[in-house]
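Down below is the structure, laid out as structure tokens.
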Amino acid sequence: MKDCWFPVGAADDIPSAPGRETLLMGEPIRLFRKAGQIQACDAEGRDLPVTVAYDHVWTSLGTPSQPIFAIPEAEEPGRRFVPCGHVRVACSPLRAVENFLDIAHFPFVHTDILGAEPHTEVYRYEVKIREEEDEVWATKVRFYQPQAAKAAEGGQEIEYMYRVPLPTASVLYKTCPSKPEAWDVIAIFVQPLTETTCVAWPWMALYDDTSSQADLVGFQQMIFLQDRAILENQVPALLPLDPGKEIPTRADMTSIAYRRWLKSHDYTYGAQLEAQ
Amino acid sequence: MKLYDWVLSPDCYKARLLAALTGQSLTTVATDVFPGKDHLTPAFRDMNPRATLPVLVAGDLVLTEVPAILIYLGGDWGGDNATERARQAEWLTFSQRLAGTLGLARRIDMMDAPGDLAQAQRDGTRLLRQLEARLFDRQTLGHAFLTGPAPTLADIACFPDVMLAPDGGVSLAPYAAIRAWSRAIRSLPGFIEMPGIPRLHELSPEPGA
């Protein structure tokens, strides 16, 4: 997992050398801007690989074998990019991603926004581990939402697709309220500070000509802060990868695939295995 | 009335909550404090040199201090005699101390604000114990709220930072009287929530209701 890319900062908020210290997988690292370039190094001063994508800075303690994953939809003209700041959460970075993949909690945690009683049913959807891209995908996810987005007026049934391209990053595509033929892109980039603490960097690429940037950021921050209290109270803190610790239901198919995918790659930072 | 608002700010929530409970409509202007730093722009500083939120604008009146905003929005809730008003003023001041301790712990823990987290948690815990003792006394006498038989500015001013204490790593589990008080406030007609302060769940009605 050390060889994966991880988000560590907002690209427009990296100070000049000596820069800013942060943690990545328990290791102190330093981010700074030098000659216009964003750079990163570890505690011994060793240079770390850096890439800037989706308004964020990504680095790795190892050697990433591939460039950062692509989000082709984000390149489409007319989209607005909305970095939503960051929030520190005392939970496993993997639990933060798993929560993002879950739909069943919408009516209870995001009441009257992303869900509402009695519309609590999660309809059957499809989940695949796409071998070629090596990503987890959930498609044909449908859910009734009272206010699917800032620009949404009234309730509607929304279709979702979820995608996990990296162990601590997930992208979701959902019906765009103002442009039903297009997808809104909402992502969560999670920086693992330690196995039980992380920083979430929500990011969006939307079609929305009417809402102010502050409204869009506020909407996403509201949603994410509703999740934070839940995440910090999950037990055990580490994400169990072996079956038996938690009983999944049909609605948890994405989570099951995510855990299986993590285990198959030995992506276990923030996870709990039976052997432990 | 216009409220310059940030969805994650307990201080802004105080104004929204009081307006909702007293049936007043506010036009909120979302302000991207984080990460956008909209409150540091020259235009915002012209309005409020202290560069803080919320700001309430009602005609010529521009209010930037939370107690002043609550007094203005509160109307009858502010008390009809000197004793009651003074009692509420004590709690309005107390609520500012909550913001400087529990609120600070939350900003440090959640958003990397500068400060000493352990110190803020310790100071905030001391205030929670004071509040718990006060509410226990009140509840023993059959009162659900801090100063009177009905909720007042005192309750609304103290409620948000207390409820959000777990966001700053301070558990509310030891405080039974605070939890009962929270339930009484969340049961009020017109109550609105903020992220971290959920409404009472519809499936669990007030016992005896």
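Tell me the residue from A:55, A:47 that is in the same structural domain as residue A:21 (by TED's automatic domain parsing), at pLDDT 95 or above and at positive phi, please. Can you show your working first?
On the way: A:47 fails: at positive phi.
Within the list A:55, A:47, the selection yields A:55.
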Residue count, region A:32-58, condition under 25 Å from residue A:185 (Cβ atoms) and of a type in the set (A, V, I, L, M, F, W, C), comes to 6
Requested in this report: Examine region A:20-42 for a residue that is in contact (Cβ under 8 Å) with a residue 12 or more places away in the chain and under 17 Å from the mean Cα position of the chain (by Cα), and state whether such a residue exists.
Outcome: yes
Those helices (runs of 4 or more DSSP H) completely within region B:102-189 that have 1 or more residues that are closer than 30 Å to residue B:36 by Cβ and of a type outside the set (D, E, K, R) are B:117-140, B:153-163
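Here's the yes/no breakdown for (1) in contact with a strand residue (DSSP E or B) (Cβ under 8 Å, 6 or more places away or on another chain); (2) at negative phi:
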site	(1), (2)
B:53	yes, yes
B:59	no, no
B:70	no, yes
B:90	no, yes
Condition set facing chain B (nearest Cβ under 9 Å), buried (at least 21 other Cβ atoms within 10 Å of the Cβ) and polar (S, T, N, Q), scope region A:213-240, selection nearest to residue A:103 (Cα to Cα): answer is A:226
Of those in region B:94-114 that are touching a helix residue (DSSP H, G or I) at 6+ places or on another chain (Cβ under 6 Å) and within 14 Å of chain A (Cβ to nearest Cβ), the residue surrounded by the most Cβ atoms within 10 Å (Cβ to Cβ) is B:105
(message) I'd like to check something: does region A:115-123 contain any residue that is out of contact with any Leu (no Cβ under 8 Å at 6 or more places or on another chain), in a helix (DSSP H, G or I) and assigned by TED's automatic domain parsing to the domain that holds residue A:221?
(response) no
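Regarding residue A:210, is this residue part of a loop (DSSP other than H, G, I, E, B), within 14 Å of chain B (Cβ to nearest Cβ) and either in contact (Cβ under 8 Å) with a residue 24 or more places away in the chain or not hydrophobic (A, V, I, L, M, F, W, C) (or both)? Talk me through it step by step, then tell me what you get.
Working: part of a loop (DSSP other than H, G, I, E, B): yes; within 14 Å of chain B (Cβ to nearest Cβ): yes; either in contact (Cβ under 8 Å) with a residue 24 or more places away in the chain or not hydrophobic (A, V, I, L, M, F, W, C) (or both): yes.
Here the answer is yes, as residue A:210 does meet what is asked.
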Of the candidates B:134, B:122, B:85, B:97, the one satisfying the condition of being over 19 Å from the mean Cα position of the chain (by Cα) and free of Cβ contacts under 8 Å to residues at least 60 places away in the same chain is B:122
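Considering B:56, B:18, B:8, B:70, which residue is buried (at least 23 other Cβ atoms within 10 Å of the Cβ) and part of a loop (DSSP other than H, G, I, E, B)? Break it down stepwise before answering.
Values: B:56 fails: part of a loop (DSSP other than H, G, I, E, B); B:18 fails: part of a loop (DSSP other than H, G, I, E, B); B:70 fails: part of a loop (DSSP other than H, G, I, E, B).
Residue meeting the stated conditions: B:8.
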Per the filter on region A:213-263, residues part of a loop (DSSP other than H, G, I, E, B), closer than 25 Å to residue A:134 by Cα and either at pLDDT below 90 or in contact with a Cys (Cβ under 9 Å, 6 or more places away or on another chain) (or both) are A:242, A:243, A:248, A:249
Filtering region A:101-133 down to residues that are away from every other protein chain (no Cβ under 14 Å) and either under 19 Å from residue A:183 (Cα atoms) or without any contact (Cβ under 8 Å) to a residue 24 or more places away in the chain (or both) yields A:101, A:102, A:103, A:121, A:123, A:125, A:126, A:127, A:130, A:131, A:132
Being among the small types (Gly, Ala, Ser), more than 13 Å from chain B (Cβ to nearest Cβ) and part of a loop (DSSP other than H, G, I, E, B) narrows A:78, A:85 down to just A:78
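The values are calculated or read from the model by the stated rules, or taken from the named source; none is laboratory data. Keep in mind it's a predicted model, so treat the numbers as computed, not measured. Because the Cβ atoms are built from the backbone with ideal geometry, glycine has one as well, and the counts that use them run over all protein chains shown.
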